[in-house]
Amino acid sequence: MNLLKYLCLNCHENQWRTYSTFWQCENCGQQYPCVKGVPRLYRESHVGAKDKALRDFFYNGLLGRYYQHIMPFLALPVRPAYKKGWLVYTLIVASLLTLIGYVVYLLVGLARGTHALSVLDIITVLIVLTVGYFFARHRYLLYLLVLAVPVKISLLFTKFRPRATFAELHANLIAQLSQRKERLQVLDISTGTCNSLFRHGWMKLDADYTGLDLSETMLLQGLDFMTAERVPMDFVLGDAVELPFSSETFDVVLNYGALNGYSDAAQALAEMARVAKPGGLVLVLDEQLYDEASAVERLYFRRVLSSHNVHHRCPVELLPPELARAEVHQVYHFYYLCLGYKQ
């Protein structure tokens with residue numbers, strides 16, 4: 001591990017003494033606790049309200065614990081050949097309709113005096129109330145159940161074709177970076193489970209990898225995943241708007257599916273540019289609706305895919321001057337890819 005890339009948030013120096021339970025800045029004495037050996041290099045008092053809410057409610061909660069299953073399910077209507085997801089969807093909808101039908105039957109029977117309340121009836125009502133409470137707290141999942149089929153039908157009639165596909169753009173980037181002679185430094189911000197970093201070709205590079213996330217639940221999944229895949233990688237718990245890294249450290253800075261939800265996207269982009277080397281690549285992928293979307297697709301986008309975002313398109317107006325010439329590609333119906341090289 002190269003400790004020189006890490007900055008103390010208190011004095012902005014990179015002199016460290018590291019232990020399994022905490023890191024200490026040798027310059028100012030500031031200590032940072034560790035979680036399973038991963039340093040927590042952020043200041044809780046500086047975390048934005050939106051970032052804290054998303055971390056605590058979603059990423060350290062239900063969504064984070066079952067991220068590998070829930071996130072693909074949220075994109076159910078737009079994922080090709082997702083038979084497993086549609087099977088689960090059918091089972092869930094069938095179960096909910098059965099419960100609702102039984103409760104209606106029960107209420108009608110009680111109102112007419114033709115049905116006596118049983119223990120099974122009470123249990124069923126409690127289950128229905130629990131399910132209702134769950135969907136009240138996670139309304140985006142309820143909207144998904146209602147809109148998945150209409151959106152899928154709507155997309156069957158779309159003529160959207162990207163000028164350059166997600167896979168093509170990644171292949172070109174990997175090919176260009178592979179030509180560099182020096183060993184590259186790659187930073188994945190909001191790395192989560194490391195699924196995006198691992199799947200999209202970045203493992204082909206001769207590189208050192210660093211992953212940062214604000215959520216312990218998500219980051220530890222990424223740590224376990226990369227360990228299982230035998231990929232050496234440094235991990236740090238950190239805030240995207242106050243990156244604990246030295247300036248001009250990384251050749252590649254990645255951010256998959258997180259920028260639109262940050263409290264301060266402008267500062268996060270400025271930080272990405274700061275830690276990138278001159279000529280370094282900054283890549284961001286997030287939700288953005290294609291222009292020809294139908295009304296039901298727009299409803300699905302707002303209520304499901306982009307329901308927890310601050311921004312609903314690529315915030316090009318917030319790009320720092322160093323990334324002013326960035327390119328924005330609509331690679332899917334509901335997602336953009338922004339590519340910029342630091343000037």
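The values are calculated or read from the model by the stated rules, or taken from the named source; none is laboratory data. If you're wondering where the values come from, they're calculated on a predicted model, not measured in any experiment. Here Cβ is always computed from backbone atoms with ideal geometry, including for glycine, and neighbour counts include all displayed protein chains.
Residues considered: ARG199, ARG183. Of these, the only one that is assigned by TED's automatic domain parsing to the domain that holds MET272 and free of Cβ contacts under 8 Å to residues at least 24 places away in the same chain is ARG199.
Considering the range 245-267, the residues that are more than 20 Å from the chain's Cα centre (by Cα) and assigned to a loop (DSSP other than H, G, I, E, B) include one that is nearest to ASN14 (Cα to Cα), namely SER246. Here THR227 fulfils each of the conditions (1) β-branched (Val, Ile, Thr); (2) in a helix (DSSP H, G or I); (3) touching a helix residue (DSSP H, G or I) at 6+ places or on another chain (Cβ under 8 Å) apart from (3). The condition (being within 16 Å of LEU337 (Cα to Cα), in the same structural domain as VAL328 (by TED's automatic domain parsing), in contact with a helix residue (DSSP H, G or I) (Cβ under 9 Å, 6 or more places away or on another chain) and crowded, with 22+ Cβ neighbours inside 10 Å) is satisfied by just one residue among ASP239, ASP286: ASP286. The requirement of being under 30 Å from TYR332 (Cβ atoms) and more than 23 Å from the chain's Cα centre (by Cα) is not satisfied by ILE123. Residues in the range 178-209 that are surrounded by fewer than 24 Cβ atoms within 10 Å (Cβ to Cβ) and polar (S, T, N, Q): SER178, GLN179, GLN185, THR193, ASN195, SER196.
For GLY192, the requirement of being of a type outside the set (Ser, Thr, Tyr) and part of a loop (DSSP other than H, G, I, E, B) is met.
Okay, residues lined up against (1) over 26 Å from ASP234 (Cα atoms); (2) of a type in the set (A, V, I, L, M); (3) at pLDDT below 95:
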{"site": "MET1", "(1), (2), (3)": "no, yes, yes"}
{"site": "TRP16", "(1), (2), (3)": "no, no, no"}
{"site": "THR21", "(1), (2), (3)": "no, no, no"}
{"site": "CYS25", "(1), (2), (3)": "no, no, no"}
{"site": "VAL38", "(1), (2), (3)": "no, yes, no"}
{"site": "LYS83", "(1), (2), (3)": "yes, no, yes"}
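Check whether at least one residue in the range 85-106 is outside any helix (DSSP H, G or I) and in the same structural domain as LEU142 (by TED's automatic domain parsing), and report yes or no. Looking through the range 85-106, none of the residues is outside any helix (DSSP H, G or I) and in the same structural domain as LEU142 (by TED's automatic domain parsing). If only residues of the range 1-36 that are touching a Leu at 6+ places or on another chain (Cβ under 9 Å) and part of a loop (DSSP other than H, G, I, E, B) are counted, the one that is surrounded by the fewest Cβ atoms within 10 Å (Cβ to Cβ) is LYS36.
Residue by residue, here is whether (1) over 14 Å from the mean Cα position of the chain (by Cα); (2) at pLDDT 95 or above holds:
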residue	(1), (2)
ARG180	yes, no
THR191	no, yes
TYR209	yes, yes
LEU214	no, yes
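Within the range 46-75, being modelled with pLDDT of 90 or more, under 16 Å from GLY257 (Cβ atoms) and aliphatic (A, V, I, L, M) holds for LEU54, LEU74, ALA75. Are any of the residues in the range 154-168 more than 30 Å from PHE225 (Cβ to Cβ), part of a helix (DSSP H, G or I) and either within 22 Å of the chain's Cα centre (by Cα) or of a type in the set (Gly, Ala, Ser) (or both)? Checked against the condition, which is being more than 30 Å from PHE225 (Cβ to Cβ), part of a helix (DSSP H, G or I) and either within 22 Å of the chain's Cα centre (by Cα) or of a type in the set (Gly, Ala, Ser) (or both), the range 154-168 yields at least one hit. Only one of the listed residues (SER246, SER263, SER294, SER307) is surrounded by 16 or more Cβ atoms within 10 Å (Cβ to Cβ) and either in the same structural domain as PRO150 (by TED's automatic domain parsing) or within 25 Å of LEU145 (Cβ to Cβ) (or both). That residue is SER307. Of all residues in the range 315-333, those satisfying the criterion of being under 20 Å from MET71 (Cβ atoms) and of a type outside the set (Val, Ile, Thr) are TYR332, HIS333. Only residues that are at pLDDT 95 or above, surrounded by fewer than 20 Cβ atoms within 10 Å (Cβ to Cβ) and aliphatic (A, V, I, L, M) were counted across the range 317-338, and they come to 2. For the range 195-217, the tally of residues that are within 15 Å of ARG230 (Cα to Cα) and part of a helix (DSSP H, G or I) stands at 7.
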